[in-house]
Each structure stands twice: as structure tokens, then as C-alpha cells.
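Enquirer: My structure is below; once you've seen it, I'll send some questions.
The values are calculated or read from the model by the stated rules, or taken from the named source; none is laboratory data. None of these values were measured; they are calculated from a predicted model. In this analysis, Cβ positions are derived from the backbone assuming ideal geometry, glycine residues included, and neighbour counts consider all displayed protein chains.
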Amino acid sequence: MGVVGYVVGQVGSHLPTLLVLLAGLILVGTARGRLPGRSGTLALAGMGVLLLGALLSIGWALLFTQLIRQDWTARNLGLVTTGAGVLLSIWHATGLGLLVAAVLAGRRAGQSPVGPPPVGQPYQGVRDPG
């Protein structure tokens, strides 16, 4: 039960992230044609990278338990752990960077944000009936 419990715990701790990324992939995938420019493609790529990163993180946690059972020195285990941590961190940063690029890809330089005007200012082109 020890290994099975650990696997369930690792997957369970990543489950909220996995579900959000899967939902995001589905939502962006279905709305991709309505998204401006390359933002849909970048968003799908970013979420795909983050999803794969979460799965790699689970895989690393499971592999780590196997490495501990082997006859590794503390130094070697530390080097491998540091390397895996750096690679997973770079992977995560890449996914986030793609999502940021997706947000900005559909905007033109100087384009005002979408939404209502600040409080107290009328919409442009709409006359005040008073």
C-alpha cells in the first residue's frame, strides 16, 4: 500500500492543476477560431507545456522514491534533484511565458483595453441624452 498510496497522493496533489489545464485546453481549443491572431495557438501551446510539466513533476516524484531505495550517495542524489528541479522550473517558466504571449498576441500597439470606460466617462461616440 505504501507505493500505491504515494502515487495516489502525488496525482491527487496535482489534480486541481491537471483539471484546470485540461479544461483550459478544451475551452481554448473550441474558441480558437474566435481568438485574435496567434493567441489561440500560443495559449494551447502554453497550457500543453504546463500540463506536460505537471505530468513530468509527478513522474519525477515517483522516480525520486526509486532513487532513494537505490544505493545513491547523498551528493549524487542532491545533484540529480537539483538538475531535475532546474529543468522543471525552466519548463514551467516556458509554459507561463507562452500564456503571457497568448494574452498579448491579439493586441495591437496602443490598443485600448476591452471593457467599459472608467467611471464617470461616457462611451466614445455615444451622446449623453441629457
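Enquirer: Which one of L67, L52 is at pLDDT 85 or above and part of a helix (DSSP H, G or I)?
Expert: Of the residues listed, the single one that is at pLDDT 85 or above and part of a helix (DSSP H, G or I) is L52.
Enquirer: Any residue at all in region 29-37 that is at pLDDT 90 or above, touching a helix residue (DSSP H, G or I) at 6+ places or on another chain (Cβ under 9 Å), exposed (fewer than 14 other Cβ atoms within 10 Å of the Cβ) and closer than 21 Å to L56 by Cα?
Expert: no
Enquirer: For R34, which of the numbered conditions (1) farther than 19 Å from V103 by Cβ; (2) of a type outside the set (A, V, I, L, M, F, W, C); (3) free of Cβ contacts under 8 Å to residues at least 12 places away in the same chain fails to hold?
Expert: R34 satisfies every listed condition except (1).
Enquirer: Something else: I need the full set of residues from region 56-100 which are surrounded by 12 or more Cβ atoms within 10 Å (Cβ to Cβ), under 16 Å from H14 (Cα atoms) and of a type in the set (S, T, N, Q), in order please.
Expert: S57
Enquirer: Then there is this: Take region 1-49 and flag every residue that is assigned to a helix (DSSP H, G or I) and either of a type in the set (F, W, Y) or at positive phi (or both).
Expert: Y6
Enquirer: When the residues of region 70-95 are narrowed to those that are part of a helix (DSSP H, G or I) and polar (S, T, N, Q), which ends up farthest from W60 (Cα to Cα)?
Expert: Looking at residues that are part of a helix (DSSP H, G or I) and polar (S, T, N, Q), I get T94.
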